[in-house]
There are 2 protein chains.
Amino acid sequence: MITVLLADDEHLIRGAVAALLGLEDDLEVVGEVARGDEVAAAVAGSDPDVAVLDIDMPGADGLTVAEELRDAGARCSVCVLTSFGRPGYLRRAMAAGVRGFVAKDAPTEELAAAIRKVHAGGRYLDAELAASAMAAGDNPLTQREREILRLVGAGTETSRIAALLRLSEGTVRNYLSTAMAKLGEPNRVAAVRAAREMGWI
Amino acid sequence: MITVLLADDEHLIRGAVAALLGLEDDLEVVGEVARGDEVAAAVAGSDPDVAVLDIDMPGADGLTVAEELRDAGARCSVCVLTSFGRPGYLRRAMAAGVRGFVAKDAPTEELAAAIRKVHAGGRYLDAELAASAMAAGDNPLTQREREILRLVGAGTETSRIAALLRLSEGTVRNYLSTAMAKLGEPNRVAAVRAAREMGWI
DNA sequence: CGTTCGGCATGACATCTGTCATCCGCGCCG
DNA sequence: CGGCGCGGATGACAGATGTCATGCCGAACG
């Protein structure tokens, strides 16, 4: 029997996935949490074989949590679940020692298959996702560029961003300009959208 | 036995919800589709008692589909499933004759309960959602403002928006200005974010 | 009927944004 | 060591953005 911990912020989805896994004879859901920052405690408490983490969560996102678990030397394997085909996430997940990567629009059987494979010490990559990650290539954005794109995406004014990062406004605009050039987008709104889509911010 | 049609673009989630509903003795999932524009055909084909529609779907969003079903005089009741607490969606759903409205982060039991209630001719509203809808009030944006916010959100340049809508650029900026004022946001990015959050675009 | 109001539309103006040339500092390699 | 490339940082400038005053039209109302 493989024990599983589920982390996803949407209660209904979490329950539905639990129901799905419950249909498998060799899988047992031993814990559920709604926030990234609750995962560590739950892993310590219920000691699951595999942790299934959604990426978009309040508290801490799934990838950050995976990095924490690796650094803490946790016993359990990690399987990440992602909404869209954000290729950039895959690299970070790999770096965090995640061995399972499943897209939410993958066929139903894939999740259980991924959990088994990961628990056996293997890797599981959604084929579509892996392909789009190859196609997209590396994240070309620097730390500063990502930071500023994130703030712009939150609707922050340029002046506030400059103050927050102790930069001149011109510098902030300049980072945005290089980011827009790298992404091939004509303005900040499009750049934020594109970077989000790629999983680069 | 209540027959159910599921519409959600994420395969895994759709399968998981189907598994969840499969646990209920009186519910049977008789069809699944991944796109809004496939719903009408599936309803005609499998003649379900209740259609469970996600709002965010390619092809046509859940609310548009609900309006279509109502206009076509479809027999089946509709239960809408929504990701975030986008209060603005609720009003549109009500107007479209939707009688069930469930948030994806609602407790697991709520979906089955909503389906039964809706099938019996009653209404089902997620309490949290209803409360936030009351708090948020009406959508203050005009048709034009919504149209332009949507285009800006897609990263379209002002000049292209003007061309698309046969307006002068100044007019486009003006609609954005009034939208920003109504939303209390300082720039277009923030305005788009706020409007999305409220379910107003 | 006249008035009033809200949505639509425009141009002019001040401000903000995006681009460019430039400089600094650091790590790397011949 | 000297030179090169890259990320970080800046200010100046042209062009895009946000605001404002204004006008038009149709619906609502006395």
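The values are calculated or read from the model by the stated rules, or taken from the named source; none is laboratory data. Remember, predicted model here, so these are calculated numbers, not experimental data. Note that each Cβ is placed from the backbone with ideal geometry, even for glycine, and that neighbours are counted across all protein chains shown. Note: areas computed on protein heavy atoms with side chains; ligands, DNA, RNA excluded. Shrake-Rupley method; radii C 1.70, N 1.55, O 1.52, S 1.80 Å.
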Scanning the range B:126-140 residue by residue, those open to solvent by less than 50 Å² (accessible area, probe 1.4 Å) and in a helix (DSSP H, G or I) turn out to be B:L129, B:A130, B:S132, B:A133, B:A136
Quick one: B:I201 ticks every box in (1) open to solvent by 30 Å² or more (accessible area, probe 1.4 Å); (2) free of Cβ contacts under 8 Å to residues at least 40 places away in the same chain; (3) closer than 12 Å to B:P140 by Cα except a single one, so which number is it?
(2)
Test of understanding: among A:V98, A:V118, A:V192, which residue is within 14 Å of another protein chain (Cβ to nearest Cβ) and modelled with pLDDT of 90 or more?
A:V192
Taking B:A74 as the residue in question, decide whether it is over 15 Å from the mean Cα position of the chain (by Cα) and modelled with pLDDT under 90.
yes
Return the residues of the range B:122-156 that are within 14 Å of chain A (Cβ to nearest Cβ) and within 15 Å of DNA strand D (Cβ to nearest atom); say none if nothing qualifies.
B:I148, B:L149, B:R150, B:L151, B:V152, B:G153, B:A154, B:G155, B:T156
When B:S159 is run through (1) under 24 Å from A:E185 (Cβ atoms); (2) near DNA strand D (Cβ under 10 Å from one of its atoms); (3) touching a residue at least 12 places away in the same chain (Cβ under 8 Å), the failure sits at (3)
Residues (open to solvent by less than 20 Å² (accessible area, probe 1.4 Å) and touching a residue at least 24 places away in the same chain (Cβ under 8 Å)) located in the range B:162-188:
B:V172, B:L176, B:A179
Can you spot a residue in the range A:174-182 that is among the small types (G, A, S) and at the interface with chain B (Cβ under 9 Å from one of its Cβ atoms)?
no
